[in-house]
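Trainee: If you scroll down you'll find the structure; I have some questions about it.
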Amino acid sequence: MNQNNATEIQKTWWKESVIYQIYPRSFCDSNGDGIGDIQGIISKLDHLQELGVNIVWLSPIYASPNDDNGYDISDYYGIMQEFGTIEDFDQMLAEMKKRNLKLMMDLVVNHSSDEHQWFQESRKSKDNPYRDFYFWRKGENGNSPSNWRSFFSGSAWQYDPTTEEYYLHLFTKKQPDLNWENEKLRQEIYKMMRFWLDKGISGFRMDVIPFISKHLDFPPAYLDNFDKTMKEIYANGPRIHEFLQEMNREVLSKYDITTVGEGAGISVHQGIEYVSSDKKELHTIFHFDHMGLDRNPKNHMDGIGTYKLSAFKKIFTDWHQALGSKGWNSLFLSNHDFPRMVSRFGNDQEYRIESAKSLATVLFTLRGTPYIYQGDEIGMVNYPFQNIEDFRDVQVLNAYKEALEEQQDMEKFLDSQRRFTRDHARTPMQWDESENAGFTGGKAWIGIHPNYLEVNVKKSRQDRDSVMNYYKKLINLRKQNLTLVYGDYEIFYEDSEQIYCYLRSMNEDKLLIINNISSHTADFELPKHLQESGKELLLSNYEVSVAQSIKTLVLRPYEVRIYRLQ
Ligand code: GLC
Ligand code: CA
């Protein structure tokens, strides 16, 4: 059993921070080409400061041919042309510093772009010095070297006629996997990390980091179960901890920074091996257990679209227990790879505002570092995608081609994309009610949600009861009450499919969170042993009469309250 007591946790700035994720392509466009950019980000830093966030995580801004929107890097030292220049970057960092904002960069080193110079060299000949920077294998009797499948459809092996061998790509064929077995490659990556750290950034979010160590015999994948394949075959390879410890020793430990690994394929039992303070690897990971709740594990592009609150709560409870006082969690309900959190876990129709607040409360009142994904602070919702022309994501476009070839039911295919596409998160940030939602003076690269007249930052700022003002209050509450950061966690009514209720406590301080995460009223009874204490209401998302006893309550849809018990 892990020790789990608040008083044993080492206190530090990155545990007390709130992180905001920017997807640069969709944040703000400064020059009217329809694509967000660095000057656009600079122009909106005041918004982040006003919210009260401490760290900004930028999805990749490095030079890239954009096969996967920047997650395919052709030069790790350069800036994507569409986003600006290295001078823009330096200016952005300086402007962030002025506002006490730290910068976390995306580190995409499981793969590079096929247009990276390393790969260009590597594919030239079998004895090229860069050959071994990637995984090249001969075919097996005219077939690819193993049955591994790419996340983005088709085989994970691409035949290359120049040397008549195949290279591995877990993502698109323009994202060849880097071979971490190669010492020189690892040193190149560490050098590049130091370059950005020496510029003064404060950390990295590490893309699909559990995949960097491969099983070199490329064992057969479970073709009927993608989830199992990811966990057992692609992630957590034999040298993963050795590589991360080396990276930590050689680079990370030399700076006062923070790290979060994208933890695809890491189970609740494995998490602590990556984030335990004893192990000196990463500070935190994003686990994906709750992101699978509405999905079909066999096929991650398909799903049921609903989830059970009891299962949702169990995941947070289990991770809290598993990481104990030596590990640390990251808390997120959406990012650039998933539909909008309100549409997915809340109700984006009648209770858009209430459910946005109820879900945000989960993020800011559990133990861990909370992440806000751009637009969630104003309650942005899923986009009404219709035809294939509306989508931009390479994942959808590749799957579409494959579905056509396989003569699948295309209406069914599109229906599942309409619900699950990553593009939901990538429609432009809605700043105001002007044309194009204030995102661009030109034509946006992807559709702008038609609700922008109603849902935008400007309006949210003016409305006392807006989602954004509630986020501000939550962030502030968390800053004022370290019990919300470090406190112990005790859950009540685990089996309820409506109510998420828990106590956070540290020393004598006790905060009770009562959250009806459902579209119906819910009967609530205060746990007996808490009935005697005095109660001070700290935050709520409905009008509440302070004099009211809370021994029993009828909670309104998505009603949430936070009390201090005395
Ligand atoms: C991660 C990123 C995703 C990207 C993939 C390949 O999952 O978050 O956007 O497509 O890795 O780099
Ligand atoms: Ca632009």
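The values are calculated or read from the model by the stated rules, or taken from the named source; none is laboratory data. This is a predicted model, so every value here is computed, not measured. Cβ: placed from backbone, ideal geometry, glycine included. Neighbour counts: every protein chain shown. Remember, those area values only see protein heavy atoms, side chains included, never the ligands or the DNA or RNA. Shrake-Rupley method; radii C 1.70, N 1.55, O 1.52, S 1.80 Å.
Trainee: What angle, in degrees between 0 and 90 and rounded to the nearest 10, separates the Cα long axis of helix 467-480 from the longest principal axis of the Cα atoms of the chain?
Mentor: Between the helix axis and the principal axis of the chain, the angle is about 80 degrees.
Trainee: Another one. As a check on your grasp of the helix formula, calculate [θ] at 222 nm for the chain: sum -39500 (n - 2.57) over DSSP H runs of n ≥ 4, divide by the residue count, round to the nearest 500.
Mentor: Values: 17 runs with 154 residues, N = 566.
Here the helix-only value at 222 nm equals -7500 deg cm²/dmol.
Trainee: Kindly provide the Kirkwood hydrodynamic radius of region 363-456 in Å, to one decimal, from all pairs of distinct alpha carbon atoms. Mind showing how you got there, number by number?
Mentor: Details: mean 1/r = 0.0666 Å⁻¹.
Answer for region 363-456: a Kirkwood hydrodynamic radius of 15.0 Å.
Trainee: If you roll a 1.4 Å probe over the chain with all protein chains in place, what percent of the accessible area is carbon or sulfur?
Mentor: 47 percent
Trainee: Then there is this: Could you tell me the relative contact order of the chain? Use alpha-carbon pairs under 8 Å, at least six residues apart, and round to a whole percent.
Mentor: Details: 1179 pairs, mean separation 78.8, N = 566.
Here the relative contact order equals 14 percent.
Trainee: Show the residues, 5+ positions off or on another chain, whose built amide H is closer than 5 Å to the amide H of residue 510.
Mentor: Counting only residues 5 or more places away or on other chains, the set is 565.
Trainee: Take the alpha-carbon positions of the chain, form their convex hull, and give its projected area averaged over all directions (one quarter of the hull surface) in nm². Present the calculation step by step, with values, prior to reporting the outcome.
Mentor: On the way: hull surface 100.9 nm².
Answer in nm², one decimal: 25.2.
Trainee: List every residue whose amide H lies under 5 Å from the amide H of residue 295, counting only residues 5 or more places away in sequence or on a different chain, with H placed 1.01 Å from N in the peptide plane.
Mentor: Distant-sequence amide H within range of residue 295: 304.
Trainee: Follow-up. Given the Cα-Cα distance of residue 548 and residue 95 and 0.36 nm per residue of separation, how much length would full extension add, in nm?
Mentor: Stretched fully, the residue 548-residue 95 segment lengthens by 158.4 nm.
Trainee: If you don't mind, another one. Output wanted: per-residue J couplings in Hz (rounded whole) for region 522-534, from phi through Karplus 6.51 cos²θ - 1.76 cosθ + 1.60, θ = phi - 60°, x for Gly and Pro.
Mentor: 9, 7, 9, 10, 5, x, 3, 6, 9, 5, 7, 6, x
Trainee: Let me ask something else about it. If eta is 0.890 mPa s and T is 25 °C, what Stokes-Einstein diffusion coefficient results for region 117-168, Kirkwood Rh from Cα pairs, in µm²/s? Spell out each step's value before the answer.
Mentor: Working: Rh = 11.3 Å.
Result for D is 216 µm²/s.
Trainee: Suppose all protein chains stay in the model; what accessible area per residue would a 1.4 Å probe give for region 488-565, in Å²?
Mentor: In whole numbers, region 488-565 has 47 Å² accessible per residue.
Trainee: Hey, another quick one. Please work out whether region 1-149 counts as rounded, prolate or oblate from its C-alpha gyration tensor, where a ≥ b ≥ c are the square roots of the eigenvalues and a/c under 1.5 means rounded, while otherwise a/b larger than b/c means prolate and anything else oblate? Present the calculation step by step, with values, prior to reporting the outcome.
Mentor: On the way: a/c = 2.72, a/b = 1.43, b/c = 1.90.
Oblate shape, in that a/c is at least 1.5 and b/c is the bigger or equal ratio.
Trainee: For a quick check: with amide H placed at 1.01 Å from N, whose amide H comes under 5 Å from residue 285's, ignoring anything fewer than 5 positions away on the same chain?
Mentor: 261, 330
Trainee: Against the longest alpha carbon principal axis of the chain, how many degrees, from 0 to 90 and to the nearest 10, is the axis of helix 410-420 turned?
Mentor: For helix 410-420, the angle is close to 60 degrees.
Trainee: Just the accessible area per residue of region 275-351, please: how many Å² with a 1.4 Å probe? Can you show the working numbers first?
Mentor: On the way: 2680 Å² over 77 residues.
Using a 1.4 Å probe on heavy atoms only, each residue of region 275-351 averages 35 Å².
Trainee: Summing Lys, Arg as +1 and Asp, Glu as -1, what charge do residues with Cβ under 9 Å from the Cβ of residue 28 carry, residue 28 excluded?
Mentor: Working: positive: 44; negative: 29, 37.
Around residue 28, the charge tally is -1.
Trainee: Given a 1.4 angstrom probe, what's the average accessible area per residue across region 102-166, in square angstrom?
Mentor: Here the per-residue accessible area is 44 Å².
Trainee: Once you charge only the Cβ atoms, +1 for Lys and Arg and -1 for Asp and Glu, what is the size of the charge dipole of region 117-168 about its Cα centre, to the nearest 20 debye?
Mentor: Values: 7 positive and 7 negative charges, 17 e Å.
For region 117-168, the charge dipole is close to 80 debye.
Trainee: Could you work out how far helix 394-405 tilts from the main Cα principal axis of the chain, as a 0 to 90 degree angle to the nearest 10?
Mentor: Approximately 70 degrees, to the nearest ten.
Trainee: Between residue 314 and residue 298, what is the label-to-label distance in nm when each label sits 7 Å out along the Cα-to-Cβ direction?
Mentor: A separation of 2.1 nm, rounded to one decimal place.
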